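Q: First the structure, which I've put down as structure tokens, then a few questions once you've had a look.
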Amino acid sequence: MMKLSVAIVCALVAAAALVIGGEPAAASELKVGYYGKTCKGVENVIKWHVIKALKQNRRTGAALVRLLFHDCFVRVRSYACDRAHQIMLHTYCSKQFDVVGINGGFEQCAQGCDGSVLLDKSYENPHPEKEAPVNIGLAAFDLLEEIKAAVEKRCPGVVSCSDILIYAARDAGSILSNGHVHFDVPAGRLDGFVSSADEAQRELPDSTMTVQQLADNFAAKGFDTEQLVILSGAHSIGAGHCSSFTGRLSEPPQQIVPAYRDLLNYKCSQGANPDVVNNVRDEEYATVARFMPGFTSRVRKISDFLDNTYYHNNLAKIVTFHSDWQLLTNQTSLDKVHEYANNGTLWDEDFSDSLLRLSKLPMPEGSKGEIRKKCSVSNHFQY
Ligand code: HEM
């Protein structure tokens, strides 16, 4: 069954290469105001929808910021195929993507911010990125589909889902930080064709990683340890499932404050793998009063405020993920944690720059893509 579906995917991907695809702009060719003539006002349309969604639920903004990261950080290999299909895929990959090497029968097709995380599973692709365990909790897909529909109505076939995602995540970051996080989005991306759960699992960092593993993971995409620390600051917003921090529930006091560990244990006992807010100040007042009474004054009425509190929380050993705490165990990252804890304005600026940098993770020159009609489905798979 598995072999059959892989063969189907291979055949369809190879066939698709013959009938579809345009050349996306290289990272250096992305342009601010790209849709100025072809879809005037599109950025305002997107912002309007994001503002509306965040008025209802600010957590959606956290989901958008995470989606940007999870879309851009995955570089997808093609599927393993039999020899005949490999030859077809070689043609496909060398035309559609940068072929960065053949590895044990797999051919690598480099990608970046291409909206591949938005693709739903289908008969042709039963295991897209969304299915990867590391992608647990991804959300805001409906909002992006709503925005895409509005944009399609205004200017059909012009604006890619990958660009919509970056615009929406940028707007969310700006709203959640009261405008402190902001940047102009260069656009002109196309939507990719390939989306693989295996690759997402292989490429995205895991919350059980050591600081060295995290640094290596980021370095593989051209991000240094400083940028790892800067981007991790996104964990001042949003939430995580208990299964994402199981190890933290029994870590020693040098790694997690026992009162916070008790709070997490309590929250996790309240359901089957519930999610728990990343920032203790977003927790319900009564729960904080019970477990960490000294923190009640920090509890906020408005949740999910994107700022440098992550660094304060990290130094106080009240962060959710093991990977967050790991940043204290290496001198370079520890120095950066201190620096951003002490300088919120600097973090706002550096986080904006790093998100922009993330958003430019390359769609390689010479690769091909499309403007999807719906963000969850490739056009050539729409019957
Ligand atoms: C450094 C490595 C990173 C690891 C290991 C990591 C891991 C995680 C995990 C396990 C979750 C919770 C998922 C769940 O259980 O539902 C999460 C949530 C989140 N992450 Fe990360 N993350 C990392 C970096 C980043 C970066 C670079 C960003 C964005 C720039 C980011 C933004 C977020 C946000 C906003 C949430 C909350 C999402 C929501 O509430 O919907 N993370 N992360």
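The values are calculated or read from the model by the stated rules, or taken from the named source; none is laboratory data. Not measured: the values here are computed from a predicted model. As a convention, Cβ positions derive from the backbone with ideal geometry for all residues, glycine included, and neighbour counts pool all protein chains shown. All accessible areas refer to the heavy atoms of the entire protein, side chains included, with ligands and DNA or RNA removed. Shrake-Rupley method; radii C 1.70, N 1.55, O 1.52, S 1.80 Å.
Q: Could you give every pair whose Cβ atoms fall below 7 Å, whose first residue belongs to the stretch 53-65 and is of a type in the set (S, T, N, Q), and whose second residue is more than 10 Å from the ligand (Cβ to nearest atom), counting only separations of at least 6 or pairs across chains?
A: What qualifies is Thr60/Ala53; Thr60/Leu54; Thr60/Leu143.
Q: Confirm whether Val229 is more than 14 Å from the ligand (Cβ to nearest atom) and under 25 Å from the mean Cα position of the chain (by Cα).
A: It is false that Val229 is more than 14 Å from the ligand (Cβ to nearest atom) and under 25 Å from the mean Cα position of the chain (by Cα).
Q: Every residue in the stretch 315-333 that is in a helix (DSSP H, G or I), more than 12 Å from the ligand (Cβ to nearest atom) and either within 20 Å of the chain's Cα centre (by Cα) or under 18 Å from Pro253 (Cβ atoms) (or both), please.
A: First pass over the stretch 315-333, keeping only residues in a helix (DSSP H, G or I): 315, 322-329, 331-333.
In the following step, the residues that additionally are more than 12 Å from the ligand (Cβ to nearest atom) were identified as 315, 328-329, 331-332.
Answer for the stretch 315-333, where residues must be in a helix (DSSP H, G or I), more than 12 Å from the ligand (Cβ to nearest atom) and either within 20 Å of the chain's Cα centre (by Cα) or under 18 Å from Pro253 (Cβ atoms) (or both): Leu315, Leu328, Thr329.
Q: Can I ask one more? Criterion first (in the same structural domain as Val319 (by TED's automatic domain parsing), away from the ligand (no atom under 13 Å from the Cβ) and surrounded by 15 or more Cβ atoms within 10 Å (Cβ to Cβ)) does Tyr260 satisfy it?
A: yes
Q: Of all residues in the stretch 170-221 being more than 13 Å from the ligand (Cβ to nearest atom) and without any contact (Cβ under 8 Å) to a residue 24 or more places away in the chain, which is nearest to Lys121 (Cα to Cα)?
A: Result: Arg202.
Q: Among the numbered criteria (1) open to solvent by 10 Å² or more (accessible area, probe 1.4 Å); (2) in contact (Cβ under 8 Å) with a residue 40 or more places away in the chain; (3) away from the ligand (no atom under 16 Å from the Cβ), which one does Leu138 miss?
A: (3) is the only condition that Leu138 fails.
Q: I'm trying to understand the selection: among the residues of the stretch 128-163, which are within 14 Å of Phe69 (Cα to Cα), assigned to a helix (DSSP H, G or I) and among the β-branched types (Val, Ile, Thr)?
A: Answer for the stretch 128-163, where residues must be within 14 Å of Phe69 (Cα to Cα), assigned to a helix (DSSP H, G or I) and among the β-branched types (Val, Ile, Thr): just Val134.
Q: What number of residues within the stretch 175-206 are open to solvent by 30 Å² or more (accessible area, probe 1.4 Å) and of a type outside the set (D, E, K, R)?
A: Final tally of qualifying residues: 6.
Q: Scan the stretch 290-306 and tell me whether some residue there is open to solvent by 20 Å² or more (accessible area, probe 1.4 Å), more than 11 Å from the ligand (Cβ to nearest atom), under 23 Å from the mean Cα position of the chain (by Cα) and outside the structural domain of Pro186 (by TED's automatic domain parsing).
A: Yes, the stretch 290-306 contains at least one residue that is open to solvent by 20 Å² or more (accessible area, probe 1.4 Å), more than 11 Å from the ligand (Cβ to nearest atom), under 23 Å from the mean Cα position of the chain (by Cα) and outside the structural domain of Pro186 (by TED's automatic domain parsing).
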